[in-house]
Amino acid sequence: MTRLLSNGTSRRNFLKTSTIAAAGTLAAPSILRAQSSEIVIGCAGSHTAWMEQIVTPHMKEAIGADILFEGTKSSVNLEKMASNADAPYLSVVQMDDPVMIQAVEADLLTPITPDAVGNMTDLRGDAVHMDGMWCNYVQPWAGVAYNTDFSEGVPSWEALWDPQNAGQVIIPSLQNTEGMWTLFVAAMLGSGKPFSEAQYEIEAAFAKLEELKPNLLSVYTTMSQAFNLLEQGEISMLSGNFSSYTLPRKNEGVPVDLAAPSEGIFAMPSGICLVKGGPNPELAQAYVNEMLGPKMQAEIADFASSVPANTTVTAGAVVPEGVPIFSPDWVFVAENRREWIERFDKLMAI
C-alpha cells in the first residue's frame, strides 16, 4: 500500500523527487524532522573519500541527515550487526554481496521496498537481490594495480608469479572480499580451466597460492596501507584492486594504473541494505533512496570510476573492452569462506 504524507503526496513520489533543489520546504517528510537527524552508516574504508566529499554533504541538504560514517571491512560490518542485533546502532550498511548473503541468513536485514525507496524501480534487474534484501548501488571492476614508474602494464595474471617480481607483490587477505580474486586466479592458473569452472577447484587454488609466496612482500587486511606502498614504488603490483580505488588516484596524478589481464577481470558489486531494527528507519530509507537516485549514482560512479546500477544514469567507468568479466558463485563463497580464511591464514602465516 502506498502511504500518503499529510499534504496528499505519496511517500514514494516524495522520495523519488527529494534530490530536486526546488523541493524547498518539502526537503524531508515531517516524520524525519521529528526524529534525530543522525544515522550511522557502515561502509568500506576504501570508500571514505567519496563518502565524505559527495555523500555526506548531499544527504545533509537533501534529507537533512547528519551522516556518521564508519569505514571498515564488510566482514567487520557483519560482526557489528550480529553483536548488536538486540540493540542495533547502524541504520544502513554498504558491503559486498557475499557478506550480504550471510547477513540475510543471520536475519540481520530488513527488505528494501519500492513503496519506501522509489528509486529502486530504476535499477537493473540484476542489482536487486533476494526480493529486495539488498540492492547494488555501484559496481567497480577489479584487476591488478601497478606502479607506472616501474611497469608498462600487466598483460596476464601470470605476472604475479613471475620470478622477476620476487618481493614486489602484495595480495589481499581472504578476510577482504577482494582477496577472493587472487584465490580464483590461482584456481584458474592451477587447474587450467576458465574462471567459471576453476572457481570450484579450491585444491588447485591453494597449491598455486603456495607457489606465489616467494613473490609476496606481504598480505594486507587494510587496503590503504598496501596502496601507499604501491604509490611509493615499494612494490610493483597489488592484486585484485578496484577501479573505484586505483583510477581516482591515477586521475590525481599518482603513478598508478589498473590492468585488465587478458584472462579476465572481476565484477565487484557494492551492496546497500537496511539494518533490521536500526535507528531512524524512515531516515535510513530516505538515505538508501538517495543513494539509488540519479544524482548520487552519477556522482559516485564518476568519482569512483564504477558502473552505476540506475538505468537512467550513463556516467561512470569505461569497462575494458575485449576482456572477459567474471562474477563468481557468491553462494558457494559464502558457504566456504570461513574455512578458506583459516586455511589461507595458516598457509601465509599471518
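Hey, could you check region 269-312 for residues that are assigned to a helix (DSSP H, G or I) and polar (S, T, N, Q) and say which is most open to solvent (accessible area, probe 1.4 Å)? Working first, answer last.
The first filter runs over region 269-312 and keeps only residues assigned to a helix (DSSP H, G or I), leaving 281-292, 294-303.
Add one more test, that the residue is polar (S, T, N, Q), and what stays is 285, 289, 297.
Values: Gln285: 41, Asn289: 0, Gln297: 4 Å².
Among those that are assigned to a helix (DSSP H, G or I) and polar (S, T, N, Q), it is Gln285.
Report yes if some residue within region 148-157 is on the phi > 0 side of the Ramachandran plot, in a helix (DSSP H, G or I) and surrounded by fewer than 19 Cβ atoms within 10 Å (Cβ to Cβ); otherwise report no.
no
As an exercise: evaluate Thr121 against (1) in contact with a Lys or Arg (Cβ under 9 Å, 6 or more places away or on another chain); (2) touching a residue at least 60 places away in the same chain (Cβ under 8 Å) and give the number of the one condition it does not meet.
For Thr121, the failing item is (2).
Go through (1) within 30 Å of Ala159 (Cβ to Cβ); (2) surrounded by 15 or more Cβ atoms within 10 Å (Cβ to Cβ); (3) within 18 Å of the chain's Cα centre (by Cα) for Thr48 and report which single condition fails.
(2) is the only condition that Thr48 fails.
So which helices (runs of 4 or more DSSP H) are wholly in region 170-255 and hold at least 1 residues that are open to solvent by 30 Å² or more (accessible area, probe 1.4 Å), out of contact with any Leu (no Cβ under 6 Å at 6 or more places or on another chain) and of a type in the set (Lys, Arg)?
On the way: elements: 179-191, 195-198, 202-212, 223-231, 243-251.
Result: 243-251.
For residues that are of a type outside the set (D, E, K, R) and in a loop (DSSP other than H, G, I, E, B), scanning just region 80-100, find the one that is farthest from the chain's Cα centre (by Cα). Before you say what the answer is, go through the steps one by one.
Step one: of region 80-100, the residues of a type outside the set (D, E, K, R) are 81-85, 87-95, 98-100.
Pick out the ones that are also in a loop (DSSP other than H, G, I, E, B) and you get 84-85, 87-91.
Values: Asn84: 22, Ala85: 23, Ala87: 26, Pro88: 22, Tyr89: 21, Leu90: 17, Ser91: 18 Å.
Among residues in region 80-100 that are of a type outside the set (D, E, K, R) and in a loop (DSSP other than H, G, I, E, B), the one farthest from the chain's Cα centre (by Cα) is Ala87.
Residue pairs, Cβ under 7 Å, 6 or more apart or interchain, first in region 71-97 and within 19 Å of Leu174 (Cβ to Cβ) and open to solvent by less than 40 Å² (accessible area, probe 1.4 Å), second hydrophobic (A, V, I, L, M, F, W, C) and part of a helix (DSSP H, G or I). List them.
Matching pairs, first to second residue: Ser74/Val99; Ser75/Val99; Leu78/Val99; Leu78/Ala103; Asp97/Trp330.
Restricting attention to region 123-145, does a residue exist that is at positive phi and aliphatic (A, V, I, L, M)? I'd like the intermediate steps shown before the answer.
So in region 123-145, the residues at positive phi come out as 130-132.
Remaining after also requiring aliphatic (A, V, I, L, M): 130.
Yes, because at least one residue in region 123-145 is at positive phi and aliphatic (A, V, I, L, M).
Tell me yes or no: at least one residue of region 123-139 is of a type in the set (S, T, N, Q) and modelled with pLDDT of 95 or more. Explain how you work it out, then say what you get.
From region 123-139, those of a type in the set (S, T, N, Q) are 136, 139; that's our starting set.
Narrowing further to those that are modelled with pLDDT of 95 or more: none.
Looking through region 123-139, none of the residues is of a type in the set (S, T, N, Q) and modelled with pLDDT of 95 or more.
Only residues that are in contact with an Asp or Glu (Cβ under 9 Å, 6 or more places away or on another chain), crowded, with 16+ Cβ neighbours inside 10 Å and not hydrophobic (A, V, I, L, M, F, W, C): list them for region 313-350, please.
Matches in region 313-350: Gly316 only.
Looking at region 169-192, can you tell me whether even one residue there is of a type in the set (Ser, Thr, Tyr) and either at positive phi or over 25 Å from the mean Cα position of the chain (by Cα) (or both)?
We begin by selecting, within region 169-192, every residue of a type in the set (Ser, Thr, Tyr); these are 173, 177, 182, 191.
Narrowing the set further to residues that are either at positive phi or over 25 Å from the mean Cα position of the chain (by Cα) (or both) leaves 191.
Looking for residues that are of a type in the set (Ser, Thr, Tyr) and either at positive phi or over 25 Å from the mean Cα position of the chain (by Cα) (or both), one finds at least one in region 169-192, hence yes.
Return only the number of the condition from (1) among the acidic types (Asp, Glu); (2) surrounded by 14 or more Cβ atoms within 10 Å (Cβ to Cβ); (3) outside any loop (DSSP other than H, G, I, E, B) that Asp115 does not satisfy.
(3)
The values are calculated or read from the model by the stated rules, or taken from the named source; none is laboratory data. Nothing here was measured: the structure is a model prediction, and the numbers come from that model. Neighbour counts are summed over all protein chains in view; Cβ atoms, including those assigned to glycine, are modelled from backbone coordinates with ideal geometry. The accessibility values were calculated without ligands, DNA or RNA, using every heavy atom of the protein model including side chains. Shrake-Rupley method; radii C 1.70, N 1.55, O 1.52, S 1.80 Å.
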